[in-house]
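The values are calculated or read from the model by the stated rules, or taken from the named source; none is laboratory data. What you see is a predicted model; the values in this text were computed from it and never measured. Neighbour counts are summed over all protein chains in view; Cβ atoms, including those assigned to glycine, are modelled from backbone coordinates with ideal geometry. Heads up: the accessible areas ignore ligands, DNA and RNA and are worked out on the full protein's heavy atoms, side chains in. Shrake-Rupley method; radii C 1.70, N 1.55, O 1.52, S 1.80 Å.
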Amino acid sequence: MKIKKSKGERIFNVVNYVILTFVIIICLYPVWYVAMASFSDSNQLTQHTGLLVKPAGFSIEAYKKVFDNPMIGKGYLNTLFVLLVGVVLDLIMTSLGAYFLSRKHLMFKKTIMLIIIFTMFFSGGMIPFYLNLRDLHLTNSLWGLIIPFMISTYNLIILRTSFEAIPESLIEAAQIDGAGHLTILLKIVIPLSKAILAVMVLYYGVSIWNSWFWASAIMRNREMYPLQVILREILLSNDTSSMTAGAGAADTEAIAATIKYATIMVATVPILCVYPFLQKYFTKGTMVGAVKE
C-alpha cells in the first residue's frame, strides 16, 4: 500500500532535487567546457565569451596535434606500464598483508597493527625517502614508481576488515581438509571478496593514474616521463611548442589553448571510462570493508 506523502515532504523532496541538480550542473560544467573547447576552432574559441555549451566552430585539429606529439604516446605507454604492473602487485601485496592481519590467533596482532597505523600519520620524510630510492637504484626508473608504493596503509586496513568478516567456519573447514594458508587465500578468501577487490583496483588505479609528484622528482630522462608529468608541463609551463610547429605567430597562442584542452581530455577520458564498470562494486565493497561484524 503506497503511503501518501505530506505536503511538507513533497516540498522537501522538490527542494532537494533542485539543489542536487544545481550541484550536478556545477560539477559537470567544467568537464563539459573542457570537452567542448577541445573540439572548438582555436580562433573562434579565443573570441568566445560567456558559457560554452557547444564547440565554437567544430575542429579536431587540436587532437591531431596532440597525438602527433611523440611525448604523449610515450607518456601513455609509461603510465600504462606503471598502472597495469602496479595495480597487480598492489593487489597481491595488499591481499597477503590483509590476510595475515585478519587471522584471529595472530601473535602480537594489536602491536603490529599499531605500528602499521603509525605509518599513516608519521613518515621518515621526503628527503630520506628519496635517498632510499637513490641507494636502491630506483631513481630514473619506472620501477621506482611501483615498488615503494605497493601497499597503501588505508587500503590494507579496509581489506583486512573485509577479510575478517568472512565466516571463520569456512576457514576452519578448509584447514580440516588440509588446506594451507595460500590455498585458503586463493580459493576461499579472494573469491568471496570480489567486491572489495574491485574497490581496491579503483583506489590504486586512480592513485597511480593521477600521480605525478614522485615521477617528476626521480625521473631525469624525459623518455621515462608518465603522462601526468607531461600534462603538467604543458599546462603549467605553456610547453606546446612541439605541437604548434608550423603555425603562424598570430595563430600559435590560439592553437595552444585548444591543445591544452585536448591534452586534458586525452589524459582524463580513459580513467572515466573505467569507473562505470567498477561503480556497482563501489558502495558494496566499501561498506563490507568498513563495517566489522
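How much length is gained if the chain between F81 and K54 is pulled fully straight, taking 0.36 nm per residue apart and subtracting their Cα-Cα distance, in nm to one decimal? All intermediate terms of the calculation are to be shown ahead of the outcome.
Numbers: separation 27, 0.36 × 27 = 9.72 nm, distance 3.53 nm.
Full-extension gain reported as 6.2 nm.
Counting pairs of alpha carbon atoms under 8 Å apart in space and at least six apart in sequence, what relative contact order in percent does segment 21-144 give?
Values: 51 pairs, mean separation 18.4, N = 124.
15 percent.
How much space per residue, in cubic angstrom, does the convex hull of the C-alpha atoms of segment 44-139 take up? Provide the component values of the computation, followed by the final result.
Numbers: hull volume 24.6 nm³, N = 96.
Taking the convex hull of the Cα positions in segment 44-139, it is 257 Å³ per residue.
Using a 10 Å cut-off on Cβ atoms, rank the peptides 264-270, 116-122 from the highest mean neighbour count down. Provide the component values of the computation, followed by the final result.
On the way: 264-270: 17.3, 116-122: 11.0.
Peptide ranking by packing, descending: 264-270, 116-122.
Of K65/K194; K54/K194; K5/K194; K4/K194; K104/K187, which ones are farther than 31 Å apart at the Cα? List each step's numbers first, then the result.
Details: K65/K194 41 Å; K54/K194 41 Å; K5/K194 39 Å; K4/K194 40 Å; K104/K187 19 Å.
The answer is K65/K194; K54/K194; K5/K194; K4/K194.
How much of the accessible area of the chain, in percent, comes from carbon and sulfur atoms when a 1.4 Å probe is used? Don't skip to the answer; put the middle values down first.
Details: 12250 of 18020 Å².
Carbon and sulfur together cover 68 percent of it.
What are the extents of the Cα atoms of the chain along their three principal axes, listed from largest to smallest and rounded to whole Å?
Here the Cα extents, ordered largest to smallest, are 77, 70, 34 Å.
Pairs of Cα atoms under 8 Å, at least six residues apart: use those to get the relative contact order of the chain, whole percent. Provide the component values of the computation, followed by the final result.
On the way: 279 pairs, mean separation 89.6, N = 293.
Relative CO of the chain lands at 31 percent.
With an 8 Å Cα cut-off and a minimum separation of 6 or more residues, compute the relative contact order for segment 96-184 in percent. Numbers along the way, then the final one.
Values: 29 pairs, mean separation 42.1, N = 89.
Reported relative contact order: 47 percent.
Semi-axes of the equivalent ellipsoid for segment 119-186, please: Cα gyration tensor eigenvalues, times 5, square-rooted, ordered largest first, whole Å. It would help to have the intermediate numbers written out before the result.
Working: eigenvalues 271, 50, 15 Å².
After scaling each eigenvalue by five and taking roots: 37, 16, 9 Å.
For N140, list long-range residues whose amide hydrogen, built 1.01 Å from N in the peptide plane, is under 5 Å from its own amide hydrogen.
M219, R220
Determine the per residue accessible area of the chain with all protein chains present and a 1.4 angstrom probe, expressed in square angstrom. Don't skip to the answer; put the middle values down first.
Details: 18020 Å² over 293 residues.
Solvent-accessible surface per residue comes out at 62 Å².
Based on the mean of other Cβ atoms within 10 Å per residue, sort peptides 49-57, 4-12, 93-101 so the most packed one is first. List each step's numbers first, then the result.
Numbers: 49-57: 11.9, 4-12: 9.7, 93-101: 19.4.
The peptides rank, most packed first, as 93-101, 49-57, 4-12.
Nearest 500 deg cm²/dmol is fine: what mean residue ellipticity at 222 nm does the chain get from its DSSP H runs of n ≥ 4 alone, each adding -39,500 (n - 2.57), divided by its residue count? Each step should come with its number before you reach the end.
Numbers: 13 runs with 203 residues, N = 293.
Here the helix-only value at 222 nm equals -23000 deg cm²/dmol.
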